[in-house]
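Read the structure below first, then the notes.
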Amino acid sequence: MRSRPITLLDADDAASLMEPLTDIVAEAAVAVLGTNREAMTVEGKFDGTPVTAADLASDRIIAAGLEKLAPGIPTLSEERTHLAKRPYTESFFLLDPLDGTREFVAGRDEFTINVALVTKGQPLLGIISAPALGVIWRGIVGRGAERLTITKDASVRTAQSIQTRRHPGAGNPWIVAVSRSHGDKRTEAFIAERPGAIRQVLGSAVKFGRVAEGGADVYPRLSPTSEWDVAAGHAVITAAGGKVTDGNGRPLRFGEAREDFLVHEFIAWGDPDVAGH
């Protein structure tokens with residue numbers, strides 16, 4: 001009989017959950033792709049960010065799936081923060097049913113569905129689905145990461161192991177994943193400190209996926225965002241061999257008693273040996 005409480009999950013538990021979790025996320029992706037973007041209504045939430053029928057449909061599917069799959073584990077969703085019972089001191093699911101809603105509304109393909117399993121403040125498992133790109137990035141810390149190529153109806157998917165890129169060293173340009181919709185002076189200063197940096201302008205958590213698969217060296221965001229925007233990418237990049245820190249190289253923590261579940265800053269590094277350089 002297991003001695004750990006059922007509300008505290010480890011890497012073995014995460015491994016057993018990965019396939020059914022991926023199925024749930026893939027189902028949500030099909031629903032998002034089935035939303036008529038031209039006919040849908042776009043409403044504003046209390047914080048000024050948009051929400052659509054696609055956000056809500058994805059949230060319903062994932063919530064129902066998690067309730068059946070792991071009924072004893074709490075869930076914190078961007079769309080249901082009013083139900084949050086902080087702090088989350090053991091294990092909980094942290095999800096953004098549609099990250100990059102502005103990209104989705106604008107008709108672009110760079111939007112994602114993000115699901116993370118967090119244990120004792122640290123992301124352990126992450127799944128990032130980019131439905132319009134036909135890609136899922138997923139990983140378990142200590143167990144590795146994968147990129148799945150998936151059909152639009154989620155009927156077929158093929159997996160490829162991925163690793164972050166080792167930075168090639170002095171004299172070689174940094175490849176920096178940067179936000180299409182959000183910019184700030186501190187992030188610009190970070191990029192300016194790396195002369196010749198090559199920018200990859202992307203939306204949503206696709207930036208985490210690019211770092212995890214070795215397509216970019218670093219993703220800096222030195223202005224506030226939310227935990228559900230970061231946790232899944234944190235897990236995938238860490239599982240792929242990278243590192244995610246705050247601007248001073250310290251680890252991030254999730255689910256604690258901070259107001260509004262803010263992440264004030266982060267840097268996702270592909271090569272942990274150059275973190276902070």
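Please report Lys243, Lys152 as a ranked list, fewest other C-beta atoms within 10 angstrom at the top and most at the bottom. Could the numbers behind the result be given before it?
Numbers: Lys243 20, Lys152 12.
Fewest to most other Cβ atoms nearby, the residues stand as Lys152, Lys243.
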Cα shape, the stretch 48-100, gyration tensor, a/c 1.5 rule | oblate
Treat every Asp and Glu Cβ in the chain as -1 and every Lys and Arg Cβ as +1, leave all other atoms uncharged, and give the resulting dipole magnitude about the Cα centre to the nearest 20 debye.
-> 460 debye
Hits among lysines - C-alpha to C-alpha of Lys207 under 30 Å, sequence gap 8 or more where chains match | Lys45, Lys85, Lys120, Lys152, Lys185, Lys243
If each of Gln163 and Arg80 carries a label point 7 Å out from its Cα toward its Cβ, how far apart are those two points in nm?
-> 3.9 nm
How big is the chain by Rg and Dmax over its Cα atoms, in Å?
-> 17.6, 57
Specify the residue with the greatest mean-square fluctuation among Ala239, Ala63, Ala216, computed from a Gaussian network of the chain linking alpha-carbon atoms under 10 Å apart.
-> Ala63
Spherically averaged projected area of the stretch 175-274 from its Cα convex hull (nm²) | 6.0 nm²
For the peptides 102-108, 67-73, what is the packing order when you average, over each peptide's residues, the other Cβ atoms within 10 Å and list the highest mean first?
-> 102-108, 67-73
One finds the C-alpha centres of the stretch 146-185 and the stretch 61-104 to be spaced, in Å, by 24 Å
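Nothing charged except the Cβ atoms of Lys and Arg (+1) and of Asp and Glu (-1): what's the magnitude of the dipole of the stretch 118-273 about its Cα centre? Round to the nearest 20 debye.
Numbers: 20 positive and 16 negative charges, 70 e Å.
My answer is approximately 340 debye.
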Among Gly144, Leu133, Pro71, whose Cα sits farthest toward the positive end of the charge dipole of the stretch 11-162 (+1 at Cβ of Lys/Arg, -1 at Cβ of Asp/Glu, about the Cα centre)?
-> Gly144
What helices in the chain pass both tests, a Cα length along the helix axis of 30 Å or more and a mean Kyte hydropathy of 0.5 or higher, using whole DSSP H runs?
-> 11-33
How far is the Cα center of the stretch 195-212 from the Cα center of the stretch 109-126, in Å?
-> 18 Å
Nearest-0.05 FRET efficiency for His264 and Arg37, computed from C-beta distance (R0 35 Å) = 0.60
So which residue, out of Pro74, Pro220, Pro168, gets the largest mean-square fluctuation from a GNM of the chain using Cα contacts under 10 Å as springs?
-> Pro168
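No value in this document is a laboratory result; all are computed from the given coordinates. None of the values given here were measured: they were computed from a predicted structure. Glycine gets a Cβ as well: all are built from the backbone with ideal geometry, and neighbour counts include every protein chain shown.
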